[in-house]
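Just so you know, all these numbers are worked out from the coordinates, no wet-lab data involved. All of these numbers come straight from a predicted model, not from anything done at the bench. Cβ placement follows ideal geometry from the backbone for every residue including glycine, while neighbour counts extend to all protein chains displayed.
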Amino acid sequence: MNILRTGTVLLCALLLSTSCEKRGTGPEYQKEITVFGYLWGNQSADSTHAILVAYTEPVVQPYSLAQAGIRGALVSVTETATGRRTVLHDTPRRPGFYFNDSLAVRPKTIYRLSVFVEGREVTASTTVPSELRINTALRHDTVNVVRQQQLSKTTPVFLDGESADQIVLVEMFCNETFENAVYVNPFNDKHTKPRDRDEYDGGNNGPPRRILGVARLKELVSPDFPDNRTVIDWYSSMIVFLGSNTLTVMAIDGNYHHYLTGEHPELMGGVQGGIGVFGSVCGEKFPLRVVK
């Protein structure tokens, strides 16, 4: 699991673990199988794109991902058109994270996930989105030194795709640690850095460490550019801290979209027989170094 996803996965795991908390007359804790992960189009299902399979744990005890991760489950992904089945494996070093480098994920392809654990089967399927055509001066293979002010005007990200209704997810991750985080726009001369971890990220890797926006392609048409081009011209406002940030632009499938926007996300991710999300995406990441 790469650095960009670790926070998301941990947050998801915590969310799933607390979803069964007893609240007054609410339900008692139930031990559920949770799935969290998505296939990335045009990339392999390697360890950086591992799928987490874990148990929920009672909210009254500290959540341990190492403890919750399910070891040695039978996990496979099948390409429905060809019937090709790929078995995913975890490792003793990272129990519960399943991957297989040999699975090359193709856009516009349906994949079915199957998880067998203790006589139970959890299933889900996803249709990988078609590729976005991304046109920008930003590069994905090197760090882009940028200024936050007017960032979207000087280095816009133009988009195009097969469908105007394609859902696009834009994420901005701050990679600076709490100790090194400095505000792009300080509150005042004495308040240039977050004073505690709650101010930095909500105490649990939440905003502003990760800020995201979701829209359809047709909703990204900008009057500020000729010919009403489809462009992400607001992502500069997603940057909170100077230094290392990562911009991710991707098309997402329905499962991931519903998970991000549903009132009960753990029930909206397309997982049958368990809870969580199994989706797919297709896009690019752009490393940024934000300076004054």
Original post:
Longest segment of the chain with no GluC sites (Glu not before Pro) in a DSSP loop having at most 10 other Cβ atoms within 10 Å?
Top reply: 29-117
Subject >> Over the chain, relative contact order from alpha-carbon pairs under 8 Å, at least 6 apart, % >> reply: 22
**OP:** Please report how far the C-alpha centroid of segment 164-182 lies from that of segment 27-44, rounded to the nearest whole angstrom.
**Re:** 21
Original post:
Per q in 0.12, 0.22, 0.25 1/Å, what log10 I(q)/I(0) does a Debye calculation on the alpha-carbon atoms of segment 212-292 return?
Top reply: -0.50, -1.08, -1.15
Subject >> Sum of side-chain charges, residue 278 neighbourhood, beta-carbon under 10 Å (Lys, Arg +1; Asp, Glu -1) >> reply: 0
Original post:
In the structure shown, do any of 190/292; 108/285; 153/190 have a Cα-Cα gap over 27 Å, and if so which?
Top reply: 153/190
Subject >> Phi to ³J(HN,Hα) by Karplus 6.51 cos²θ - 1.76 cosθ + 1.60 over segment 50-58, Hz, x for Gly, Pro >> reply: 5, 9, 8, 10, 8, 9, 6, 9, x
Original post:
Taking amide hydrogens as modeled 1.01 Å from N in the peptide plane, which residues meet the under 5 Å criterion relative to residue 105, leaving out close sequence neighbours?
Top reply: 42, 43, 44, 45
Subject >> segment 224-267-segment 84-144 distance, computed between alpha-carbon centres (Å) >> reply: 20
Subject >> For residue 277, residues with placed amide H under 5 Å, excluding near neighbours >> reply: 35, 36, 37
Subject >> Computed [θ] at 222 nm, deg cm²/dmol, the chain (DSSP H ≥ 4; -39,500 (n - 2.57); rounded to nearest 500) >> reply: -3500 deg cm²/dmol
Original post:
Along its principal axes, what span do the Cα atoms of segment 136-184 show, with the longest given first and each in whole Å?
Top reply: 43, 22, 21
Original post:
If you stretched the chain out fully between residue 190 and residue 101, how much longer would it get, using 0.36 nm times the residue separation minus the C-alpha to C-alpha distance?
Top reply: 27.1 nm
Original post:
Packing-wise, with mean Cβ within 10 Å as the measure, how do 234-244, 149-159 rank, highest first?
Top reply: 234-244, 149-159
Subject >> Degrees between helix 3-18 axis and first principal axis of the chain (Cα, 0 to 90, nearest 10) >> reply: 50
Subject >> Neighbourhood charge, 12 Å Cβ-Cβ cut-off, centred on residue 155 and excluding it, Lys, Arg +1 and Asp, Glu -1 >> reply: +2
Subject >> Value of relative contact order over segment 135-290, rounded to a whole percent, pairs C-alpha under 8 Å and six or more apart >> reply: 32
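Would you tally the net charge around residue 202, using a Cβ to Cβ cut-off of less than 12 Å, leaving residue 202 out, and scoring K and R as +1, D and E as -1? Don't skip to the answer; put the middle values down first.
Values: positive: 197, 209, 210; negative: 196, 198, 199, 201.
Charge balance near residue 202 sits at -1.
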Original post:
Projected area of segment 115-271, taken from the Cα convex hull and averaged over every viewing direction, in nm²?
Top reply: 12.5
